[in-house]
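Trainee: There's a structure below that I have some questions on.
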Amino acid sequence: MSGELGVLNALDVAKTQLYHFTTIVIAGMGFFTDAYDLFCISLVTKLLGRIYYTEPNPTRPGTLPPSAQSAVTGVALVGTLAGQLFFGWLGDKLGRKKVYGLTLILMVVCSVASGLSFGSSPKSVMATLCFFRFWLGFGIGGDYPLSATIMSEYANKKTRGAFIAAVFAMQGFGILGGGIVALTVASIFDHKYKVPTFEENPAASLLVPQFDYVWRLILMFGALPAALTYYWRMKMPETARYTALVAKNAKQAAADMSKVLQVELEVEEEKVEKMTSDKRNSYGLFSKQFAARHGLALFGTCSTWFLLDIAFYSQNLFQKDIFSAIGWIPPAKEMNAIHEVYKIARAQTLIALCSTVPGYWFTVAFIDHMGRFAIQMMGFFFMTVFMFALAIPYDHWSKEENRIGFVVIYSLTFFFANFGPNATTFVVPAEIFPARLRSTCHGISAAAGKAGAIVGAFGFLYAAQSKDPTKTDKGYPTGIGIKNSLIMLGVINFVGMLCTLLVPESKGKSLEELSGENEGEGAEATEQEGSRV
């Protein structure tokens, strides 16, 4: 196209090179840490309840009261939502690189601080844990828009979807890593301190002084992968799209990308000036022009991510409750505290290994062939089908001889979440919006997702409680039960299919073509795609 910058065209048509894989690893390790930190809390909440809320002469192991369970599980998600909005906006104002290291430092410091949560009473320990996990989430939130935007702006248009999806796929390894670390720590402590089950000796099954280290070590390990990549994040040059189209520095953009691509690039100051001064490319986020060009698409990316995360986080954070309900994890009284951590971690690791991780990498393999739209629609469809397949004959699955079948179908919902909307909702917002608003719009879309995660985390916690008052967890009101909760998640996934119709296909097009930044070209195409319905 006539308005296209040479430096951006060079990135679009570049062959896959070492710097692509370096960027995937650098950005991806942040996502490894994100997933590890967000989901490892589900591995230790039962242990926290046993250590801090078991009463004297108990009849059953202690559990976190509803307020503490909600806070510990959800506070990081609230922090993530705030971080996505703030750092998404900041990434467009100050540049991707300047903000990128800050989010990582925050994640490292708060991962360690979470494990050092202090106090002499259960309330003070929970309060400091929640404080540090909020700020941990705040740093994690910044990683979403920045990693996605950096990867999309570095990638070539032929394999851009696979590269962005590969960054996000590191989440799968983060979830798997959390399970492996928990298994390892639990095994070490179990080998050293052989203690009876709760039924045999309630007090001895806790071994409070030593077992208190278990959850702290699991939480603190999340700092390690983030710390290892900090240096490399600081060495990355700013993306050419930000430098040229937002900072308006054609010379710096050409110099940076000449080093990255190892080719000589022309400095096109006049063309940069023309593109950035064009009034068609200067509208703001809250303008009528933005609403006309990108409003439907932004609603589409926000609504689909919101609906997906209600289902995805409900499933991930409460795997242990679902597995307990069908008897795959024994009743708490039949285990000691450390065995409970081990069995929960084993269940999560098996699900991650067999379905979650493969699902992410199927998306990486097929996204630039099938397209984003087809994968997202397919994922929502099969998630709906499998949720109903679990929910409607739920009484059948709860029988001991049918538990394997339940776990297989449950695993397939994870597979199609990840070979589906969990990956594509992350990819598309990094591609379809203008450079000066790209990080902000991705942050808004991601924050809508985390709002869904909060609904899922808090809503499912209460909704999944039994209808029978004698079978609810201590301190909880009766709910609608696991069966009806799964039906609700199936309906939510179906609505996600409908909202997918608003999301444009971005396969094979340059970022400037999608956003209409080539002297206003491409806007019409974007509008047509966005109004698919």
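The values are calculated or read from the model by the stated rules, or taken from the named source; none is laboratory data. Keep in mind it's a predicted model, so treat the numbers as computed, not measured. Glycine also receives a Cβ, built like all others from the backbone with ideal geometry; neighbour counts cover every protein chain displayed. Only protein heavy atoms, including side chains, enter the accessible area calculation; ligands, DNA and RNA are left aside. Shrake-Rupley method; radii C 1.70, N 1.55, O 1.52, S 1.80 Å.
Trainee: Looking at (1) closer than 25 Å to ALA463 by Cβ; (2) assigned to a helix (DSSP H, G or I), find the lone condition where ILE51 falls short.
Mentor: (1)
Trainee: Okay, next question. Take the conditions assigned to a helix (DSSP H, G or I), open to solvent by less than 10 Å² (accessible area, probe 1.4 Å) and within 30 Å of THR470 (Cα to Cα) and apply them to VAL99. Does it pass? Working first, answer last.
Mentor: Values: assigned to a helix (DSSP H, G or I): yes; open to solvent by less than 10 Å² (accessible area, probe 1.4 Å): yes; within 30 Å of THR470 (Cα to Cα): no.
The answer is no for VAL99.
Trainee: Among the listed residues ILE432, ILE375, identify the single one that is assigned to a helix (DSSP H, G or I), touching a helix residue (DSSP H, G or I) at 6+ places or on another chain (Cβ under 6 Å), at pLDDT 90 or above and of a type in the set (A, V, I, L, M).
Mentor: ILE375
Trainee: I'd like the residue in region 251-283 that is free of Cβ contacts under 8 Å to residues at least 24 places away in the same chain and small (Gly, Ala, Ser) and, out of all such residues, is nearest to LYS15 (Cα to Cα).
Mentor: Of everything passing the filter in region 251-283, SER258 is nearest to LYS15 (Cα to Cα).
Trainee: May I ask you to say which residue of VAL125, VAL109 is surrounded by fewer than 20 Cβ atoms within 10 Å (Cβ to Cβ) and within 16 Å of LEU224 (Cβ to Cβ)?
Mentor: Result: VAL109 is the single residue among VAL125, VAL109 that is surrounded by fewer than 20 Cβ atoms within 10 Å (Cβ to Cβ) and within 16 Å of LEU224 (Cβ to Cβ).
Trainee: Related question: Spot the failing condition for MET234; the list is (1) open to solvent by 50 Å² or more (accessible area, probe 1.4 Å); (2) of a type in the set (A, V, I, L, M, F, W, C); (3) farther than 17 Å from VAL112 by Cα; (4) in contact with a Ser or Thr (Cβ under 8 Å, 6 or more places away or on another chain), and only one is missed.
Mentor: Condition (4) is where MET234 drops out.
Trainee: Looking at (1) more than 19 Å from GLY172 (Cα to Cα); (2) under 18 Å from the mean Cα position of the chain (by Cα); (3) buried (at least 22 other Cβ atoms within 10 Å of the Cβ), which is the only condition ALA435 fails?
Mentor: (2)
Trainee: Six or more apart or on different chains, Cβ under 7 Å: which pairs go from a residue in region 433-452 that's among the aromatic types (Phe, Trp, Tyr) to one that's open to solvent by less than 10 Å² (accessible area, probe 1.4 Å)? Could you list them?
Mentor: These pairs meet every condition: PHE433/HIS294; PHE433/CYS441; PHE433/SER515.
Trainee: Is it fair to say ILE480 is open to solvent by 20 Å² or more (accessible area, probe 1.4 Å) and either under 25 Å from the mean Cα position of the chain (by Cα) or modelled with pLDDT of 95 or more (or both)?
Mentor: Criteria not met by ILE480.
Trainee: Follow-up question, since we're still on this one. Counting just the residues of region 237-264 that are of a type in the set (Val, Ile, Thr) and outside any helix (DSSP H, G or I), which one comes out least open to solvent (accessible area, probe 1.4 Å)?
Mentor: Residues of region 237-264 that are of a type in the set (Val, Ile, Thr), as a first pass: 239, 243, 246, 260, 263.
This time we only want the ones that are outside any helix (DSSP H, G or I), so: 239, 263.
Working: THR239: 2, VAL263: 69 Å².
Here the answer is THR239.
Trainee: Pick out the one residue from MET387, MET370 that is aliphatic (A, V, I, L, M), within 23 Å of THR424 (Cβ to Cβ), open to solvent by less than 10 Å² (accessible area, probe 1.4 Å) and over 19 Å from the mean Cα position of the chain (by Cα).
Mentor: Answer to the check: MET387.
Trainee: Here are the criteria: (1) in a helix (DSSP H, G or I); (2) out of contact with any His (no Cβ under 6 Å at 6 or more places or on another chain). Tell me which single one SER117 does not satisfy.
Mentor: Only one criterion is unmet by SER117, namely (1).
Trainee: Taking region 131-184 only, how many residues are without any contact (Cβ under 8 Å) to a residue 60 or more places away in the chain, surrounded by fewer than 24 Cβ atoms within 10 Å (Cβ to Cβ) and either closer than 30 Å to GLY508 by Cβ or among the β-branched types (Val, Ile, Thr) (or both)?
Mentor: Counting residues in region 131-184 that are without any contact (Cβ under 8 Å) to a residue 60 or more places away in the chain, surrounded by fewer than 24 Cβ atoms within 10 Å (Cβ to Cβ) and either closer than 30 Å to GLY508 by Cβ or among the β-branched types (Val, Ile, Thr) (or both) gives 1.
Trainee: Every residue in region 327-367 that is in contact with a Gly (Cβ under 7 Å, 6 or more places away or on another chain) and either open to solvent by 10 Å² or more (accessible area, probe 1.4 Å) or under 20 Å from VAL407 (Cβ atoms) (or both), please.
Mentor: Selection gives ALA345, GLN348, THR349, ALA352, THR356, VAL357, TYR360.
Trainee: Tell me, which residue of region 265-284 that is in contact with a helix residue (DSSP H, G or I) (Cβ under 6 Å, 6 or more places away or on another chain) and open to solvent by 40 Å² or more (accessible area, probe 1.4 Å) is nearest to ASP92 (Cα to Cα)?
Mentor: Among those that are in contact with a helix residue (DSSP H, G or I) (Cβ under 6 Å, 6 or more places away or on another chain) and open to solvent by 40 Å² or more (accessible area, probe 1.4 Å), it is GLU269.
Trainee: Residues of region 1-15 being at pLDDT below 85 and surrounded by 13 or more Cβ atoms within 10 Å (Cβ to Cβ), which ones?
Mentor: Within region 1-15, GLY3, GLU4, LEU5, GLY6 qualify.
Trainee: With in a helix (DSSP H, G or I), among the basic types (Lys, Arg) and either free of Cβ contacts under 8 Å to residues at least 40 places away in the same chain or in contact with a Leu (Cβ under 6 Å, 6 or more places away or on another chain) (or both) as the only criterion, which of LYS93, LYS46 stands out? Please lay out each step first, then the result.
Mentor: Numbers: LYS46 fails: either free of Cβ contacts under 8 Å to residues at least 40 places away in the same chain or in contact with a Leu (Cβ under 6 Å, 6 or more places away or on another chain) (or both).
Residue meeting the stated conditions: LYS93.
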